[in-house]
1. Only helical DSSP H runs with n ≥ 4 go in: add -39500 (n - 2.57) per run for the chain, normalise by residue count and round the 222 nm mean residue ellipticity to 500 deg cm²/dmol.
2. Kirkwood Rh over Cα pairs of the chain into Stokes-Einstein at 20 °C, 1.002 mPa s: D in µm²/s?
3. Residues of region 44-64 with backbone nitrogen within less than 12 Å of a virtual label 7 Å along the Cα-to-Cβ line of residue 78, please, listed as ranges.
4. How large is the Kirkwood hydrodynamic radius of region 153-197, in angstrom, based on all distinct alpha carbon pairs?
5. Averaged over all directions, how much area does the convex hull of the C-alpha atoms of region 4-132 cover when projected, in nm²?
6. What percentage of the solvent-accessible surface of region 71-229, computed with a 1.4 Å probe over protein heavy atoms, is contributed by carbon and sulfur atoms?
7. Please give the length that would be gained between residue 43 and residue 158 if that part of the chain were fully extended, namely 0.36 nm times their separation in residues minus their C-alpha to C-alpha distance (nm, one decimal).
8. Determine the per residue accessible area of the chain with all protein chains present and a 1.4 angstrom probe, expressed in square angstrom.
Amino acid sequence: MSYKNIEDNYKLVSENIQRAIQRSGRSSQAMEDCVRVMAVTKTIDTERIKSAVSCGITLLGESRVQEYLEKKADYPESTEVHFIGGLQSNKVRQIIDKVSLIQSIDSERLACETDRQARLNNLVMDVLIQVNIGGESTKNGVAPNELDFLIEKITALKGLRLRGLMAIPPMGDSVRYFEKMQKLFEKAKEYTPIDTLSMGMSGDYEEAVLFGATIVRLGTALFGNRITR
């Protein structure tokens, strides 16, 4: 896919998001003020990633530790990288000083190890709690009824700063789950200073924005169909 294709895709995505912002009642806000587009870089070569950055995208999402470590040196310095994939506790040390936020904290054990590694590196790591909003056995995430417990644990850890929530809803019925995530997010904001709700992917990002998403994670919508490897 050429630079022009990616540029056109990003323009279309931006227009769709802006319309969704207006429909959601945030009509006075521009996209850049309330919704960030994340380019999901799984299996995407660095030249296409650089093309996306040239179009104005500054946020990248990595989901495989080893793949990210192999590509990291070729990324533009202007980019911000979040880790969005399932993360094993024994891999935390490999990325703790190489990403700005981890979106996939889904257990007290992972939170404690991330805190330990952050403090070893004299860092305070921004994190999101991943919520398994659909209760799917194939997906990571804390159950909604255990969210308050994990929020309490994370906010007590000195090496972590809780920024918000992340979710990957079941396919085919995402709107219902986006609404549930919005309610969980608003409830958590009443007693925890969070500002980030990461949800929505290439097939449903407009609906996610309608329900308050502040980050949408896009792969196919920007780069075209992904080559599986």
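1. -11500 deg cm²/dmol, from helical runs alone.
2. So the translational diffusion coefficient is about 120 µm²/s.
3. Output list for this probe position: 50-59.
4. Taking the inverse mean of 1/r over all distinct Cα pairs, region 153-197 comes out at 11.7 Å.
5. Taking the Cα atoms of region 4-132, their convex hull projects to 9.1 nm² on average.
6. Carbon-and-sulfur percentage of accessible area, whole number: 47.
7. Answer, rounded to one decimal: 38.0 nm.
8. Per residue, the chain has 49 Å² of solvent-accessible surface.
The values are calculated or read from the model by the stated rules, or taken from the named source; none is laboratory data. Here the structure is a predicted model, which means the values were calculated and not measured. Cβ sites come from the backbone with ideal geometry, for glycine too, and all protein chains shown count toward neighbours. All accessible areas refer to the heavy atoms of the entire protein, side chains included, with ligands and DNA or RNA removed. Shrake-Rupley method; radii C 1.70, N 1.55, O 1.52, S 1.80 Å.
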